[in-house]
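Encoded as structure tokens, the structure appears first; notes follow it.
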Amino acid sequence: DDMRLDDINIMDIIADFNGLIASFAAYKDENNKAHFEKKYIQFHGQTLQKDQLFFLAFAQTNCRMQQTLNLIEHTLYRPVLKKMRVNQPLISMLPFGKAFACRQGTRMNPKQKCVSSMASSFT
């Protein structure tokens with residue numbers, strides 16, 4: 001399960017990361033405008049915080065999208081791509097680690113993260 005960024009198209013991951021940042025900013029903006037009262041949401045028998053549900057939706061949407069892309073472009077992408085294109089943008093976002101209380105230095109909350117000027121608003 002050892003994955004390296006040079007095994008896949010880094011530009012796709014950067015695009016996914018920036019898309020995640022933009023969509024999270026829009027989600028937070030709308031969430032603040034709507035003044036939602038509920039902090040927790042029931043989802044398939046699990047109690048999730050709203051931010052957790054946002055990141056779960058990102059992952060599920062991208063997994064489905066990658067399955068379709070892999071069928072179309074099977075020879076261009078290795079199976080590792082699907083996992084990296086979901087995990088790498090998530091672990092690079094500080095709010096993801098906070099939402100799931102991931103200890104710093106763990107696989108899903110590494111000490112070193114990708115940096116984007118767009119992400120600075122979430123620090």
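Every number in this text was worked out from the coordinates using simple rules, so none of it is lab data. Nothing here was measured: the structure is a model prediction, and the numbers come from that model. Virtual Cβ from ideal backbone geometry, glycine too; neighbours counted across all protein chains shown.
Below are the figures for this structure:
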{"read-out": "Partner lysines for Lys39 [C-alpha distance under 26 Å; skip if fewer than 8 residues away on the same chain]", "value": "Lys28, Lys50, Lys98"}
{"read-out": "Pair Thr61, Ala15: separation of 7 Å Cα→Cβ label points (nm)", "value": "1.6 nm"}
{"read-out": "R0 of 25 Å, Cβ-Cβ distance Gln42-Ala101: FRET efficiency to nearest 0.05", "value": "0.85"}
{"read-out": "The stretch 22-32 - phi-based ³J(HN,Hα) in whole Hz, Karplus 6.51/-1.76/1.60, Gly and Pro as x", "value": "5, 5, 5, 4, 5, 4, 5, 4, 5, 4, 5"}
